[in-house]
1. Any chance you could count how many residues in region 202-216 are closer than 25 Å to Met164 by Cβ and touching a residue at least 24 places away in the same chain (Cβ under 8 Å)?
2. If a residue has to be in a strand (DSSP E or B) and either of a type in the set (A, V, I, L, M, F, W, C) or touching a residue at least 40 places away in the same chain (Cβ under 8 Å) (or both) to count, how many in region 183-201 make the cut?
3. Working carefully through the options Thr159, Thr199, find the one that is among the hydroxyl-bearing types (Ser, Thr, Tyr) and surrounded by 17 or more Cβ atoms within 10 Å (Cβ to Cβ).
4. If a residue must be part of a loop (DSSP other than H, G, I, E, B) and free of Cβ contacts under 8 Å to residues at least 12 places away in the same chain, how many such residues does region 148-160 contain?
5. Which residue is farthest from the chain's Cα centre (by Cα), if the candidates are limited to region 162-182 and must be without any contact (Cβ under 8 Å) to a residue 40 or more places away in the chain and surrounded by 18 or more Cβ atoms within 10 Å (Cβ to Cβ)?
6. Could you please find all residues in region 30-77 being aliphatic (A, V, I, L, M), closer than 30 Å to His193 by Cβ and surrounded by fewer than 15 Cβ atoms within 10 Å (Cβ to Cβ)?
7. Is it true that Glu208 is under 24 Å from Ala143 (Cβ atoms), buried (at least 17 other Cβ atoms within 10 Å of the Cβ) and modelled with pLDDT of 95 or more?
8. Under 8 Å by Cβ, and 6 or more places apart or on different chains, what pairs join a residue from region 127-139 that is surrounded by 13 or more Cβ atoms within 10 Å (Cβ to Cβ) with one that is in a loop (DSSP other than H, G, I, E, B)?
Amino acid sequence: MKKHHFIKKNIFYIFLFSPFFAAAQNFQVHYDFGVGRKYVTTTFETFKMDAIGNTFVFVDFDFNFANKTTSNVTYYNPSLAYMEIARCFTLSKNVPLSAQIEYNGGFFLNNTGNGLAINNAFLAGLDYFIHSKDFSRTYNIKALYKYIMGKEPASFQITGVWNMNFFKNRMSFNGFADFWYERNTNFLNAHAHPLATPTNTKFVFISEPQLWWNITPYASIGTEVEMSVNFGATEGFKICPTIGAKYTF
């Protein structure tokens, strides 16, 4: 699952100081090489700024549900749909601090094709922005209260986000890191094998650094590496690399 996707956390201030831009969106396609993965994920992100802040929305689809096999060719349908929508309110044009509210949610299909919900999550908090003089390097630190419906009424999330451009914007290194409180029961190890005895954990960490080679201002190729701890019912540290393409428009 690709999530958070760093644009929502840093792009506002770039646009705030660059009046030629008011909106941006991109579409990404990744092939995940992680253990137990081997499937395609698509991500659509859109951002829009207005007089009092900005709005960001992204939607992920994992194509991992084997729907039909014909002539030895297996056709895969979406097995997961996940969305985040975040609204930021500028607190001061002189101080790089904003207030944010956010919603996360979705669903996925298990091996039998039955749908299971991803718990609704509502977040609220503050975002502090740091940048280089030319905005080629930006960093965000977020402190958020997190309510996971039906599971965690009083949780928290700490997020760090970065965006760095090199070689006259030909290369971009960006991503995020999240750490939050959530009690989970884990059934798999990092190799996607069932645990002899399920384990209970209380904290989750996930980070998704991306490295892009920008062929043009619109088209990019690159990679993402998802690194997680106790995420998605998997105990311990897991790493899932991808190869991807992105089109910005």
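The values are calculated or read from the model by the stated rules, or taken from the named source; none is laboratory data. In this text, all values refer to a predicted model and were calculated from it rather than measured experimentally. So basically every Cβ, Gly included, is an ideal-geometry build from the backbone, and we count neighbours across all protein chains shown.
1. 10
2. Qualifying residue count, region 183-201: 7.
3. Thr159
4. 0
5. Asn165
6. Listed by number, the residues that qualify are Ala66, Val73.
7. Considered against the rule, which asks whether it is under 24 Å from Ala143 (Cβ atoms), buried (at least 17 other Cβ atoms within 10 Å of the Cβ) and modelled with pLDDT of 95 or more, Glu208 comes out as no.
8. The qualifying pairs are Tyr128/Pro96; Phe129/Pro96; Ile130/Pro96; His131/Pro96; Phe135/Phe17; Phe135/Ser18; Ser136/Asn169; Thr138/Ser132.
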